[in-house]
Amino acid sequence: RKKEIIMKRKLEDSAREVHTPQLLEEQERLIATLIEAHRKTYDASYSDFSQFRPPKRGDGSPECRNATNPFLMSLLNSDMDELPKASASGAEAAAGDELSMLPHLADLVSYSIQKVIGFAKMIPGFKELCTEDQISLLKASAIEIIILRSNESFTMEDNSWTCGSNEFKYQIGDVMQAGHKLELLEPLVKFQVNMKKLDLHEAEHVLLMAICLFSPDRPGVQDRCRVEEVQEHLTETLRAYIACRHPLSCKHMLYAKMVEKLTELRSLNEEHSKQYLQISQDAVNKEDLPPLLLEVFGNPTA
Ligand code: 8C9
């Protein structure tokens, strides 16, 4: 009888271990490190944005977007009776011109790449990789991590990325004025909405970005085993975190849903590569694309 009770208790104990894993001290520390790394590299006041080349938005009217008479248009639409000095190319006058948002968004993306690199360097295990592997991981995941981190500024109120003032509020139309096609931007916004609905904790958000970075199947990665080891450690930590910190009502399938987001990011990434090639060729004025952006996403003229 006594033996039976002891046996029963043992079984219950092991069952509890399976169903409610503990967050190990080491995992707690990892999460704290990642959160700190993110906070150091994500400025939620967006005060740096005023240093980017300014955004230029057309009024959205067909006349403006398809301006065949940019100079006439600018004179008719303003109180000026002289052409602005810097508009010899017509680019200034046609604020609604095809690629008018490109310089600003290119600067935003270049800035974001720098922040992602800073974040990566603070993830335990990243600096221990050889430089070649660090570069391969960053090149492949940069756009995915930017899309993930941008969820913090995304709002479902008007489906925009709102970074402070109206000047730095980005809607689909603004991104189209950087040469991106609606076919790519619709899934991008849908992705943001679905991410927002997951309502992730900060710990889950930063773990997802780290897991995305440490994907062993990226092209060019030499030491796949090391990358996989780190990724498994991160996913184990994420599972444990969800199991013991996330409220029962909403943790249902959360881990699976997060993994699904990584798959969706892959297809956004793939589509992006195609469009990037197009845009970088259209951007006749190559100065529009910062050197870091060309290095990370590729320079077709190099
Ligand atoms: O290759 C790209 C590119 C961008 C501008 C160019 O002039 C040339 C090339 C990036 C393309 C992507 C869209 C395609 C993804 C599938 C880019 C346009 C997207 C952004 C920058 C549009 C605006 C809102 C990717 C992420 C989008 C946004 C990010 C918002 C952020 C604000 C803030 O949360 C970035 C984040 O790092 C923040 C600091």
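The values are calculated or read from the model by the stated rules, or taken from the named source; none is laboratory data. All of these numbers come straight from a predicted model, not from anything done at the bench. We place every Cβ from the backbone using ideal geometry, glycine too, and count neighbours over all the protein chains shown. Side chains included, ligands, DNA and RNA excluded: accessible areas come from the protein's heavy atoms. Shrake-Rupley method; radii C 1.70, N 1.55, O 1.52, S 1.80 Å.
Contact map, the stretch 159-173: residues that are among the aliphatic types (A, V, I, L, M) paired with residues that are open to solvent by less than 40 Å² (accessible area, probe 1.4 Å) and assigned to a helix (DSSP H, G or I), Cβ distance under 7 Å, separation 6+ or inter-chain. Pairs shown: I172/L185; I172/V189. Once the stretch 244-263 is narrowed to residues that are out of contact with any helix residue (DSSP H, G or I) (no Cβ under 8 Å at 6 or more places or on another chain) and not in a loop (DSSP other than H, G, I, E, B), the residue that is farthest from K197 (Cα to Cα) is C244. Screening A178 on (1) at pLDDT 95 or above; (2) crowded, with 20+ Cβ neighbours inside 10 Å shows it passes everything except condition (1).
Yes/no matrix, rows are residues, columns are (1) of a type in the set (D, E); (2) surrounded by fewer than 19 Cβ atoms within 10 Å (Cβ to Cβ):
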residue	(1), (2)
L108	no, no
I113	no, no
I145	no, no
E167	yes, yes
Q171	no, yes
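Every condition in (1) assigned to a helix (DSSP H, G or I); (2) away from the ligand (no atom under 14 Å from the Cβ); (3) touching a residue at least 12 places away in the same chain (Cβ under 8 Å) holds for E232 except the one numbered (3).
With the requirement that a residue be within 13 Å of the ligand (Cβ to nearest atom), small (G, A, S) and over 21 Å from L208 (Cβ atoms), what does the stretch 96-134 give you?
Taking the stretch 96-134 first, the residues within 13 Å of the ligand (Cβ to nearest atom) are 98-119.
Applying the additional criterion that residues be small (G, A, S) yields 100, 106, 110, 112, 118.
If the condition is that a residue be within 13 Å of the ligand (Cβ to nearest atom), small (G, A, S) and over 21 Å from L208 (Cβ atoms), then S100, A106, S110 are the ones that fit.
Scoring K196 on the criteria (1) assigned to a helix (DSSP H, G or I); (2) surrounded by 15 or more Cβ atoms within 10 Å (Cβ to Cβ); (3) out of contact with any Ser or Thr (no Cβ under 9 Å at 6 or more places or on another chain) leaves a single failure, condition (3).
Evaluation of G220 against the conditions (1) assigned to a helix (DSSP H, G or I); (2) modelled with pLDDT of 95 or more; (3) over 16 Å from M209 (Cβ atoms); (4) more than 19 Å from the chain's Cα centre (by Cα) shows that the sole unmet condition is (1).
Among all residues of the stretch 247-268, there is at least one that is within 16 Å of K190 (Cβ to Cβ), loosely packed, with under 11 Cβ neighbours inside 10 Å and within 16 Å of the ligand (Cβ to nearest atom). Considered as a group, the residues in the stretch 142-168 that are closer than 18 Å to L293 by Cβ and among the charged types (D, E, K, R) include one that is nearest to the ligand (Cβ to nearest atom), and that residue is R149.
The residue pairs whose first member lies in the stretch 255-278 and is acidic (D, E), whose second member is near the ligand (Cβ under 10 Å from one of its atoms) and open to solvent by less than 20 Å² (accessible area, probe 1.4 Å), and whose beta carbons are closer than 8 Å, counting only pairs six or more residues apart or on different chains, are E264/F191; E271/L184.
Checking the structure you have, find out if any residue of the stretch 208-216 is more than 14 Å from the ligand (Cβ to nearest atom) and at pLDDT below 95. The answer is no; no qualifying residue exists. Only one entry of E128, E157 meets the criterion of being more than 19 Å from N194 (Cβ to Cβ) and open to solvent by 20 Å² or more (accessible area, probe 1.4 Å), and that entry is E128. Within the stretch 278-302, count every residue that is under 18 Å from E144 (Cβ atoms), open to solvent by 30 Å² or more (accessible area, probe 1.4 Å) and near the ligand (Cβ under 10 Å from one of its atoms). Within the stretch 278-302, residues that are under 18 Å from E144 (Cβ atoms), open to solvent by 30 Å² or more (accessible area, probe 1.4 Å) and near the ligand (Cβ under 10 Å from one of its atoms) number 1. Filtering L137, L185 for residues that are within 15 Å of the ligand (Cβ to nearest atom), open to solvent by less than 20 Å² (accessible area, probe 1.4 Å), in a helix (DSSP H, G or I) and under 22 Å from L277 (Cα atoms) leaves a single hit, L185.
Is it true that some residue in the stretch 278-285 is small (G, A, S), assigned to a loop (DSSP other than H, G, I, E, B) and under 19 Å from L108 (Cα atoms)? Within the stretch 278-285, one or more residues are small (G, A, S), assigned to a loop (DSSP other than H, G, I, E, B) and under 19 Å from L108 (Cα atoms).
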